[in-house]
1. Wholly within the stretch 101-169, which helices (runs of 4 or more DSSP H) include no fewer than the required count, namely at least 3 residues that are farther than 30 Å from ARG91 by Cβ and either at pLDDT 70 or above or basic (Lys, Arg) (or both)?
2. Report the residue count in the stretch 1-32 for those that are over 21 Å from TYR72 (Cβ atoms) and either in contact with a Phe, Trp or Tyr (Cβ under 8 Å, 6 or more places away or on another chain) or of a type in the set (D, E, K, R) (or both).
3. Can you go through LEU15, LEU48 and tell me which one is surrounded by 10 or more Cβ atoms within 10 Å (Cβ to Cβ), among the hydrophobic types (A, V, I, L, M, F, W, C), assigned to a helix (DSSP H, G or I) and at pLDDT below 85?
4. Scanning for something hydrophobic (A, V, I, L, M, F, W, C) and touching a helix residue (DSSP H, G or I) at 6+ places or on another chain (Cβ under 8 Å), does the stretch 39-51 turn up at least one residue?
Amino acid sequence: MAQTYAQIQKQIATLQQKADVIRAKEVGGVIDRIKVAIAHYELSPEQLFGGRSSTKKTASRGVAKKGGRISYSDGNGNTWGGWGKRPTWLREALAAGKRLEDFQVGTPVANNATKAAKNPSKKTGQKRRPSTVLYRDGAGKSWTGRGPRPRWLKEAIAGGKSLEDLRAS
């Protein structure tokens, strides 16, 4: 007896679920072996992926770009950066009994180390130096020259003043 289209689609879905489970197990083992090799040989991201040193900003996306922040992936191409609403694939997996940690990519340890390296003032308790004010109006409003021009400055320029007129002394 010939099978119907619906029966074949159901078989495909069942086989795809089995394949996803097997792939997830295999990927987990591969990732574990890679982590062991990286730790054993003390490999850096530059050695693995080439490119710039860790002190320069990179144009690549992913965990390294995010500064070691934890992100999540199911191994099937679905990812979530940990910000905003959880995606459907993750909510469904959690409802099916999986744990959030099962999808974790990156580590909190890397996150803390990266933050300390990027902002040593937090580590030592030093305060950031305030920006120098370059422009002031008579009412106490100021602008450092960084970022977009504030409304008061635009209005003053439109009213006939120049930046030199508003330069702080």
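1. 151-158, 163-166
2. Residues flagged as over 21 Å from TYR72 (Cβ atoms) and either in contact with a Phe, Trp or Tyr (Cβ under 8 Å, 6 or more places away or on another chain) or of a type in the set (D, E, K, R) (or both) within the stretch 1-32 amount to 2.
3. Exactly one of LEU15, LEU48 is surrounded by 10 or more Cβ atoms within 10 Å (Cβ to Cβ), among the hydrophobic types (A, V, I, L, M, F, W, C), assigned to a helix (DSSP H, G or I) and at pLDDT below 85, namely LEU48.
4. Step one: filter the stretch 39-51 for residues hydrophobic (A, V, I, L, M, F, W, C), giving 39, 43, 48-49.
Restricting the remaining residues to those that are touching a helix residue (DSSP H, G or I) at 6+ places or on another chain (Cβ under 8 Å) gives 43, 48.
Yes, some residue in the stretch 39-51 is hydrophobic (A, V, I, L, M, F, W, C) and touching a helix residue (DSSP H, G or I) at 6+ places or on another chain (Cβ under 8 Å).
Here is a yes/no grid of residues against (1) at pLDDT 50 or above; (2) assigned to a strand (DSSP E or B); (3) of a type in the set (Ser, Thr, Tyr); (4) over 24 Å from GLN17 (Cα atoms):
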site: GLY62; (1), (2), (3), (4): no, no, no, yes
site: LYS66; (1), (2), (3), (4): no, no, no, yes
site: ARG69; (1), (2), (3), (4): yes, no, no, yes
site: GLY82; (1), (2), (3), (4): yes, no, no, yes
site: GLU92; (1), (2), (3), (4): yes, no, no, no
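The values are calculated or read from the model by the stated rules, or taken from the named source; none is laboratory data. Quick caveat, the model's predicted, so the values are computed rather than measured. As a convention, Cβ positions derive from the backbone with ideal geometry for all residues, glycine included, and neighbour counts pool all protein chains shown.
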